[in-house]
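What follows draws every value from the coordinates through simple rules; no lab data is involved. Values in this document were obtained by computation on a predicted structure and should not be read as measured data. So basically every Cβ, Gly included, is an ideal-geometry build from the backbone, and we count neighbours across all protein chains shown.
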Amino acid sequence: MKKSILFLALVSVMGASYAQKKTTTSATISFDATTKLDALPKGDNKTVVASLDTKKGTVAFESVVKSFSFANPKMQEHFNSGMWMDSDKFPKATFKGTISNLADVKFATDGTYKANVTGDLTIHGVTKPVTTTATVVVSGKAVTTTSDFTVALADYGVNGPAIGAGKVATDPKITVMAEFK
């Protein structure tokens, strides 16, 4: 009897700790570098791997750069070229961070919460700190996160001629969305 109770307790603890880490392979990152001169530098990647540990407050995203899709195939070619993201040399972009106000986000209670996120963003082989606010929506067992922020392309060594010509924003808007079930 004691062994049965011990086994059930162990299974319960393992199940609870497993449920604290949520993952998805279909998060989305949108890249919007449009300017008054050009509305085409806008792309999406819908195959981003993301994880969220609701107990520790850690969050991570990993994106294959070549998976960004643009309406104009020429823009996609330029985006992946050596003058831009150089996706052959730097095939992935990553973010690893933490929710700094974890106590304010009630993952066990349905609702909408603001999360302060700080971490390291690596693009083009360069890692820089990023601080942003995310919206976290809890509905049953599902958690949806959304965050918008900008990055200075020059900080990451991305400086193609279209940027200098004003056809691409120097500080594009990045939107990250993930639904964890």
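Structure above, values below:
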| read-out | value |
| --- | --- |
| For K114, net neighbour charge (Lys/Arg +1, Asp/Glu -1) across residues whose Cβ lies under 14 Å away | -1 |
| Helix 2-20 axis, angle to the chain major axis (alpha carbon atoms, nearest 10°) | 20 |
| Within the chain: Cβ-based charge dipole about Cα centre, in debye rounded to nearest 20 (Lys, Arg +1; Asp, Glu -1) | 720 |
| Distance between modelled label sites at A142 and N72, nm, 7 Å Cα→Cβ extension | 3.6 |
| Contact order normalised by residue count of the chain, Cα under 8 Å, 6+ apart, percent | 22 |
| Options A33, I163, T146, ranked by Cα towards positive dipole end of the chain, top entry (Cβ charges) | T146 |
| Residue with peak Gaussian network fluctuation, the chain [Cα springs, cutoff 10 Å], from I163, I29, I123 | I163 |
| When each of K42/K92; K42/K114; K89/K167; K74/K181; K22/K66 is checked by Cα-Cα distance, pairs over 29 Å | K74/K181 |
| Net charge over other residues, Cβ less than 9 angstrom from the Cβ of P41 (K, R count +1; D, E count -1) | 0 |
| Cα-centred dipole magnitude for the range 108-181, charges only on beta-carbon of K, R (+1) and D, E (-1), debye, nearest 20 | 100 |
